[in-house]
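Structure first, then comments.
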Amino acid sequence: MFTGIHYITLRTPTFDACRALYRDRLRLRETAHGRRPDGRRLSIFQIGPTSLELHEDPTAEPARHPETGATVNSMFDHHAWVNHFAFAMRDAF
């Protein structure tokens, strides 16, 4: 049974702009900031019981609509794309 969203991960080639948006403009609480094992930057923001993970990825490509090819799933103007998300669950089934 789903009980909420545990975390959402966003990949972005514009890490500084995205980080500023979530931290400075939206005033989300940044609980961690550092580097991943591959050297790319990472920030984690807490939103209630949910975490938003922001991952620097210069090669991140947007999702595209299968018929039109138009970009979908962009976050505001800063080109961050959902990489994955995890649900909080009480049990598997």
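The values are calculated or read from the model by the stated rules, or taken from the named source; none is laboratory data. Since we're looking at a predicted model, the values are computed, not measured. Neighbour counts are summed over all protein chains in view; Cβ atoms, including those assigned to glycine, are modelled from backbone coordinates with ideal geometry. Heads up: the accessible areas ignore ligands, DNA and RNA and are worked out on the full protein's heavy atoms, side chains in. Shrake-Rupley method; radii C 1.70, N 1.55, O 1.52, S 1.80 Å.
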**Request:** Excluding residue 10 itself, calculate the net charge of residues whose Cβ lies under 12 Å from the Cβ of residue 10, where each Lys or Arg counts +1 and each Asp or Glu counts -1.
**Result:** -1
**Sequence of 47, 8 from largest to smallest accessible area, 1.4 Å probe** = 47, 8
**Prompt:** Roughly how much of residue 36 is accessible, in Å² to the nearest 10, using a 1.4 Å probe?
**Reply:** 50 Å²
**Prompt:** Convex hull over the alpha-carbon atoms of segment 2-43: what's its volume per residue in Å³?
**Reply:** 102 Å³
**Prompt:** HN-Hα J couplings of segment 66-71 from phi, Karplus 6.51/-1.76/1.60, θ = phi - 60°, integer Hz, Gly and Pro as x?
**Reply:** x, 9, 9, x, 5, 5
**Prompt:** Residues with beta-carbon under 12 Å from that of residue 44, excluding residue 44: net charge, scoring Lys, Arg +1 and Asp, Glu -1?
**Reply:** +3
